[in-house]
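Everything on this sheet refers to the single structure shown next.
Each reported figure results from applying straightforward, stated rules to the coordinates on display, with no laboratory input. Quantities reported herein were computed from a predicted structural model and do not represent experimental measurements. Counting neighbours? That spans all protein chains shown, and the Cβs are built from the backbone with ideal geometry, glycine included.
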Amino acid sequence: MNLSGILVSLTVLGAACAHPVTVSETPGSAVPADGEPTLARLAGARHFDLGAAVQGGALLGDSAYANAVVRDFTMVSTENAFKFGPLRPSPGRYDFTETDAIVRFAETHGLRVRGHTLVWKRQLPEWLTRGTYMRNELITILREHIQTVVGRYRGRVVAWDVVNEALKDSVGPEDEVLRPTIWLKGIGPEYIDLAFHFAHEADPGALLFYNEAGAEGMGTKSDAVYALVWRLRRRGVPVHGVGLQMHTGLGASPDTAALGANLRRLAALGLQVQITEMDVGTAKMPGSQADILAAQADVYRQVLATCLSVPACTALVTWGVGDRYTWRYPDTPLLLDREFQPKPAHAALLEVLRAASPGSAPR
């Protein structure tokens, strides 16, 4: 989401805290007219998490949005609230207004929380990006930030995207694969190890993920992710899973056989895998609206079915609740339309979950 979107969300959040919306559902309780169970009920029966990234302002200020979250999802991720810049506007001040609101909402309605993200190249505060820091000072900033944030939500946030997008978009066998971020330049490659250790110290019970874009199928980028987490595990770094973002579009989605192969090789390292930011763009695609929505539904169907075929794939999270608030607006990449009504993609996930026998994927 861009800066204007964050400001709108925070403005709505402030008003909503004073006048919260009424949420009429409990998790998975809403039953469609045909008597079939909701996505949340079906996912819960498999001990599988179906989640959505949420915005605090919309969650507390838009009852249709909030009811959709509670009806259809078992997990919420934080779209922007846990990112360094929004959370820590000055060196000595944290603003937990939105994160507290999201976590309280989740706890009230029995939803699990993914914290996204502790360390990233973007959405950093100016005091950090424009400052001059020695290596030991940056390590101190990193430690204090991670342990303050993770420690505040110890036992309440089940999983964290500890490090996000540390790898370059284009990687090859001869390339330096890590992005030249403030953390890499100031600390060195070991900033990744340190971040995971700091998070584990703050909450030993939380699942800690490395999260990456463009690494869903087999290829040089996913090879680089595999090599990175293999080295982390070999060094004893407490990394428990890999997040595959899955921002995709019609005509650009990963081959499901390649996705399955990638999931299985990560699982063989003893890691959980989660689809963490899925959306399927439809902009500028030819054909009727019905055909476009059917094609979008098929992408969602195939990704969920592939994930469910690998026991270590424990969650699928969409990057947003409905098309009204998507970061890809005016595209329409999500399960629910701008009025939070189910689209064919929603029905496709229901179909997959109905067909899948209840499982015992780890939580």
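Longer than 22 Å from Cα to Cα, which of LYS121/LYS221; LYS121/LYS343; LYS121/LYS284; LYS121/LYS185; LYS83/LYS284; LYS83/LYS185 are they? Say none if no pair is. Beyond 22 Å: LYS121/LYS343; LYS121/LYS284; LYS83/LYS284.
Using the Cα centre as the reference, give the magnitude of the dipole from point charges on the C-beta atoms of segment 94-229 (Lys, Arg: +1; Asp, Glu: -1; all else neutral), rounded to the nearest 20 debye.
Values: 15 positive and 20 negative charges, 65 e Å.
Using only the charged Cβ atoms, the result is roughly 320 debye.
Taking amide H as placed 1.01 Å from N in the peptide plane, the amide H of VAL273 sits under 5 Å from that of VAL242, CYS313, THR314, each at least 5 places away or on another chain. When the Cα positions of PRO286, HIS240, GLY260 are compared along the charge dipole of segment 216-297, HIS240 comes out farthest toward the positive end, with charges on each C-beta of Lys, Arg, Asp and Glu. Normalised by the number of residues in the chain, the average gap of Cα pairs under 8 Å and 6 or more apart makes the relative contact order 16 percent. GNM remark for the chain: springs join alpha carbons under 10 Å apart, and the peak mean-square fluctuation among GLY188, GLY214, GLY44 falls on GLY188. Under the combined filter of DSSP loop state and at most 10 neighbouring Cβ atoms within 10 Å, segment 250-314 retains these trypsin sites (Lys or Arg not before Pro): LYS284.
Counting Lys and Arg as +1 and Asp and Glu as -1, each charge on the Cβ, what is the dipole of the chain about the Cα centre in debye, to the nearest 20?
Working: 35 positive and 37 negative charges, 162 e Å.
Around 780 debye, computed over the chain.
Summarising the strand pairing of the chain, around 10 percent of its internal DSSP beta bridges are antiparallel. Taking other Cβ atoms within 10 Å as a rough exposure proxy, ILE141, ILE275 sort from fewest to most as ILE141, ILE275.
For a quick check of your reading of the filter: which trypsin sites (Lys or Arg not before Pro) in segment 138-188 sit in a DSSP loop and have no more than 16 other Cβ atoms within 10 Å? Could you put the intermediate results ahead of the total?
Values: sites: ARG143, ARG152, ARG154, ARG156, LYS168, LYS185; in loops: ARG154, ARG156, LYS168.
Answer by residue number: ARG154, ARG156, LYS168.
Residue order for THR97, THR140, fewest other beta carbons within 10 angstrom first, comes to THR140, THR97.
For segment 60-189, what percent of Cα pairs sit more than 21 Å apart? Could the numbers behind the result be given before it?
Details: 3966 of 8385 pairs.
Percent of Cα pairs beyond 21 Å in segment 60-189: 47.
Here the Gaussian network model covers the chain, with springs between Cα atoms less than 10 Å apart; of TRP160, TRP127, TRP327, TRP127 fluctuates the most.
Taking the Cβ of each residue in MET246, MET285, MET218, MET134 as the centre, tally the other Cβ atoms inside 10 Å and list the residues starting with the fewest. Before the final figure, lay out each step's value.
Numbers: MET246 27, MET285 14, MET218 18, MET134 9.
The fewest-first ordering by Cβ neighbours comes to MET134, MET285, MET218, MET246.
Where is the GNM fluctuation largest for the chain (alpha-carbon springs, 10 angstrom cutoff): ALA290, ALA215, ALA348? In the Gaussian network model the winner is ALA290.
Loop-only GluC sites (Glu not before Pro) in segment 260-359, please: DSSP not H, G, I, E or B, and at most 11 other Cβ atoms within 10 Å. List each step's numbers first, then the result.
Values: sites: GLU277, GLU339, GLU351; in loops: GLU339.
Answer by residue number: GLU339.
Ignoring everything except DSSP H segments at least 4 long, calculate the 222 nm mean residue ellipticity for the chain; use -39,500 (n - 2.57) per segment, divide by total residues, nearest 500.
On the way: 14 runs with 154 residues, N = 363.
That comes out to -13000 deg cm²/dmol.
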